[in-house]
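> Sharing a structure with you now.
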């Protein structure tokens, strides 16, 4: 079986990976001691917070055992999570309670991405070969869902989705006939069209995206979008400055050369400064170069001088900061205070994805129904 076949088989069987609230804003130029006062740590004796941390991840009771690789943080109070077994949850009270708003009859679907505009409007992406790849949307908080796209090409396998604004968005599929396939919407996900592939570079043999965190396709601003790849000889990041019509590809210094290795997640704080995370998702394999940075919109990438200690699938910039970001994976959460050049582990809990909001909150989600929100130590309130 070729690399692409292996990747898709791993996705089908649900193995491992293939199948974005913190205390206060970290500003540019903050000193090391002050930065340490904002790090994250999970509760419990096995994941105790550092003594200088004013808070940490607070696990919420999601009421589900699904694996939530899709996460859309709207605000401190509102967030959406999408995951396995066709599960979609929504909270409007900061995680004190979660409402199951899963689409009816979606139990066989594998949701891996969710993009939400507020507490009522959201779009979810289901992954898989052929008709398993679908897009559904709601405008009433999940009370009802409408299927707006169903893939009918058996060669396509959709992985991730992103929106530039409330109307314009894209979704991406693994290569079809040697090129990545891009879907486009201009009406908030109500309808989708496949974009021409003339401006898409050829894919490498065995190259694909990873549906691990909803971050293999990300955007910043009204037109710029980036696509993360792996599974081939070289990990790459593709960039488009015209909403997905033309693309350029750049090699990324993240482990590659195997179907389980590559860039799994991207985050851009503007159209030039970005972070890539990834590695080898297999628990028994090392990931010595799990992060890289770009200062020029992805035209060049530099490996982190001190990367996270292992594979990471999700990454998010802390709101209001030009230098601080979080990376998450099955073995922990890492924090950088220098734009991704160096990282240190601040939590050992398992999370697949992380998302932060404009009102300075961060959320994370992952396996076994785990959804957490950063909670500031009340002594610091």
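The values are calculated or read from the model by the stated rules, or taken from the named source; none is laboratory data. Treat the numbers as computed from the prediction; the structure is a model and nothing was measured. Note: ideal-geometry Cβ built from the backbone for every residue, glycine included; neighbour counts use all protein chains shown.
> Is it the case that some residue within the stretch 255-268 is surrounded by fewer than 24 Cβ atoms within 10 Å (Cβ to Cβ), under 14 Å from the mean Cα position of the chain (by Cα) and modelled with pLDDT of 95 or more?
Yes, the conditions are met somewhere in the stretch 255-268.
> Out of 213, 219, report the one residue that is closer than 21 Å to residue 356 by Cβ and assigned to a loop (DSSP other than H, G, I, E, B).
Every option except 213 fails the conditions.
> Please go through (1) under 30 Å from residue 349 (Cβ atoms); (2) part of a strand (DSSP E or B) for residue 258 and return the number of the only condition it doesn't satisfy.
Of (1) under 30 Å from residue 349 (Cβ atoms); (2) part of a strand (DSSP E or B), only one is false for residue 258: (2).
> Is one or more of the residues making up the stretch 234-253 part of a loop (DSSP other than H, G, I, E, B) and out of contact with any strand residue (DSSP E or B) (no Cβ under 9 Å at 6 or more places or on another chain)?
no
> For the stretch 295-309, enumerate the residues that are surrounded by fewer than 24 Cβ atoms within 10 Å (Cβ to Cβ) and either within 22 Å of residue 160 (Cβ to Cβ) or at pLDDT below 95 (or both).
Passing the criteria: 297, 299, 301.
> OK, next. For the stretch 184-219, how many residues are within 25 Å of residue 138 (Cα to Cα) and over 14 Å from the mean Cα position of the chain (by Cα)?
Here the count works out to 12.
> Residue 360 fails exactly one of the following numbered conditions: (1) over 19 Å from the mean Cα position of the chain (by Cα); (2) surrounded by 18 or more Cβ atoms within 10 Å (Cβ to Cβ); (3) not in a strand (DSSP E or B). What is the number of that condition?
With respect to (1) over 19 Å from the mean Cα position of the chain (by Cα); (2) surrounded by 18 or more Cβ atoms within 10 Å (Cβ to Cβ); (3) not in a strand (DSSP E or B), residue 360 is out only on (1).
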